[in-house]
Amino acid sequence: MSSGKRILLFWHLVVSIYISWSEANLGVAVNDPCFSNPCWNAGTCVTNGSMFTCSCPQGFSGKKCEFHVTHCAVNPCVNGICRLSKDGLPECFCTPGFTGKFCDINEDECASLPCKNGALCVDEVNGYKCVCKGDTYGRHCEIHQRDIMQCVARCDEEPCWRNYSVIVPVKWGYGDSICSTSHSCFGGENDTEADLYDTFVEVQLKPLQIQLGDTLNFTADEEIVAYVDGFVPHHVVAADGSSAFRACNESNGIPLVNKPTNSVVVGLDILTLGTKYFIANMDSTFRCNFGLRLNVSVKESNCKALSESDICSGRGQCFTNFSLPDFRCNCCGGFRGEFCEKVDYCFSKPCKNNAVCQNRESSIDGSTHVCICEPGYEGRDCSEIKDLCLSSPCLNGGSCVSEVNNFTCHCARGISGRNCEVDINECASSPCVNGGTCVDGVGSFLCHCAAGFTGKSIN
């Protein structure tokens, strides 16, 4: 046999061996549906003829184990809800007021010793109540009776109501007793956010606020006495007293005395409830237009309930200002109500994270107040970040990450969208060549090849 024939015989043998190996091994691998390891997330592939089945680990589901399951088949949480972790293990998210691995422990809200001044703390579900001792008040019994007495004895915003009447002296003349702007005449309580700058009003004597039963004593100052022989103030009695007051027309008023004098007493017959106007014109120098006019607000007290003997229940100051028609209660810290008869449970600022506190007049559970939480927070005092992932907003096996008033979905392969609601079309890029037809799947595609072609056929 020639050397050429020997070489040809050798290669024929090699090719025969390769074909036999391919038929025995490669052909089996190509026909094995589990050969490409189609199961995700550590799923186990099981061959079933030309088909396959994925046996998924705990926490995953789907034909290819592509979906992350968040709900628990059985809820082991006594006072809460169950959700599977990324590892597929059950986790309990407790109802406020409970703790423990299975939310079976009533959390002791008294453990932080919230009650002050020796008060007894009574633990409740998701809350506590302080039983105050002796002369203490407030949600945490933080207010002493001596603090209230000091508050009542003060007058933080004049004028305050007196339990007796007085003669109020009023000196007529120019100088410090004259005002001409809203703020200088009526005080800061008349300012508004819309009116950032002071506004001018008719030049006048500084207005007065007196209580019903007081009388006035008008006197002329030294400058007037040096130039004129007394004055005759007029009480404006026109139907529109404020307009007559601004016009400074004495014909709109009744003289309080018959002849000029340096002292005039205004009695109770004139000083009835409401606003009273007075003007005075003496000569070309001392005139109403230059400031010799006065308005007086006569007010009664609305600071005591009929059944109470103490003003503002002994827990506040009876005050007024030009925006109020009468004297009213300004409660000391820790109290509220028209007559300061109620405890202000919001005084201690129990609500967190900019929440709004509202006192409750009555409740089935005995709670004294409620916190209106800002978006993203929850709990009795709004101290807990609301877990927006508990509602399972992420679809198609997406994993959820909770944030303050927000959440983020991390989507499975082949899925997109804020809630993983969009199945990405893997056929959009036309991956199948040579006339193959593309079938879109979840995170994958399948090519149905034309006659004479095979393979995954990715372009």
Residue within the range 222-233 that is part of a strand (DSSP E or B) and either of a type in the set (A, V, I, L, M) or more than 28 Å from Asn330 (Cβ to Cβ) (or both) present: yes
Can you tell me which residue in the range 430-447 is nearest to Leu390 (Cα to Cα), limited to those that are loosely packed, with under 14 Cβ neighbours inside 10 Å and modelled with pLDDT under 85? Val439
Condition check: at pLDDT 90 or above and in a helix (DSSP H, G or I). Does Cys329 satisfy that? no
Output the number of residues of the range 404-457 satisfying the condition of being in a strand (DSSP E or B) and touching a strand residue (DSSP E or B) at 6+ places or on another chain (Cβ under 8 Å). 17
Residues located in the range 120-144, provided they are over 30 Å from the mean Cα position of the chain (by Cα) and in a loop (DSSP other than H, G, I, E, B): Lys133, Gly134, Asp135
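Can you give me the number of residues within the range 398-407 that are surrounded by fewer than 15 Cβ atoms within 10 Å (Cβ to Cβ) and either out of contact with any His (no Cβ under 9 Å at 6 or more places or on another chain) or in contact (Cβ under 8 Å) with a residue 24 or more places away in the chain (or both)?
Summing the residues that are surrounded by fewer than 15 Cβ atoms within 10 Å (Cβ to Cβ) and either out of contact with any His (no Cβ under 9 Å at 6 or more places or on another chain) or in contact (Cβ under 8 Å) with a residue 24 or more places away in the chain (or both) in the range 398-407 gives 4.
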Taking the conditions exactly as written (outside the structural domain of Ala244 (by TED's automatic domain parsing), surrounded by 19 or more Cβ atoms within 10 Å (Cβ to Cβ) and either assigned to a strand (DSSP E or B) or among the aliphatic types (A, V, I, L, M) (or both)), does Cys318 satisfy them or not? yes
Would you confirm whether any residue within the range 344-351 is assigned to a loop (DSSP other than H, G, I, E, B), farther than 30 Å from Cys160 by Cβ and out of contact with any Leu (no Cβ under 6 Å at 6 or more places or on another chain)? yes
Please verify whether Glu341 is within 27 Å of Val131 (Cβ to Cβ), surrounded by fewer than 13 Cβ atoms within 10 Å (Cβ to Cβ) and at pLDDT below 95, treating the condition exactly as stated. no
Of the residues Lys171, Lys129, which single one is closer than 29 Å to Gly379 by Cβ and among the basic types (Lys, Arg)? Lys129
Which count do you get for residues in the range 40-61 that are more than 21 Å from Asp387 (Cβ to Cβ), out of contact with any Phe, Trp or Tyr (no Cβ under 8 Å at 6 or more places or on another chain) and touching a residue at least 24 places away in the same chain (Cβ under 8 Å)? 2
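Just to be sure, is Ser309 surrounded by fewer than 19 Cβ atoms within 10 Å (Cβ to Cβ), in a loop (DSSP other than H, G, I, E, B), within 43 Å of the chain's Cα centre (by Cα) and among the hydroxyl-bearing types (Ser, Thr, Tyr)?
Here the answer is yes, as Ser309 does meet what is asked.
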What number of residues within the range 62-84 satisfy the criterion of being in contact (Cβ under 8 Å) with a residue 40 or more places away in the chain and not in a loop (DSSP other than H, G, I, E, B)? 5
With criteria (1) of a type in the set (Asp, Glu); (2) under 27 Å from Gly127 (Cα atoms); (3) touching a Cys at 6+ places or on another chain (Cβ under 6 Å), Asp440 comes up short on (2)
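Within the range 353-366, count every residue that is in a loop (DSSP other than H, G, I, E, B) and surrounded by fewer than 16 Cβ atoms within 10 Å (Cβ to Cβ).
8
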Filter the range 76-129 down to residues that are touching a helix residue (DSSP H, G or I) at 6+ places or on another chain (Cβ under 8 Å) and not β-branched (Val, Ile, Thr) and give me whichever is surrounded by the most Cβ atoms within 10 Å (Cβ to Cβ). Arg83
Residue, nearest to Asp214 (Cα to Cα), within the range 240-280, restricted to residues that are in contact with a His (Cβ under 8 Å, 6 or more places away or on another chain) and part of a loop (DSSP other than H, G, I, E, B): Ile270
Go through the range 247-300 and report how many residues are out of contact with any strand residue (DSSP E or B) (no Cβ under 7 Å at 6 or more places or on another chain) and either among the aliphatic types (A, V, I, L, M) or surrounded by 15 or more Cβ atoms within 10 Å (Cβ to Cβ) (or both). 6
Return yes when Thr408 is within 30 Å of Cys39 (Cβ to Cβ) and not aliphatic (A, V, I, L, M) and no when it is not. yes
When the range 194-219 is examined, which residues are found to be more than 16 Å from Ser180 (Cβ to Cβ), at pLDDT below 90 and aromatic (Phe, Trp, Tyr)? none
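The values are calculated or read from the model by the stated rules, or taken from the named source; none is laboratory data. Quick caveat: nothing in here was measured; it's all calculated off a predicted structure. Please note: Cβ atoms are built from the backbone with ideal geometry, for glycine as well, and neighbour counts cover all protein chains shown.
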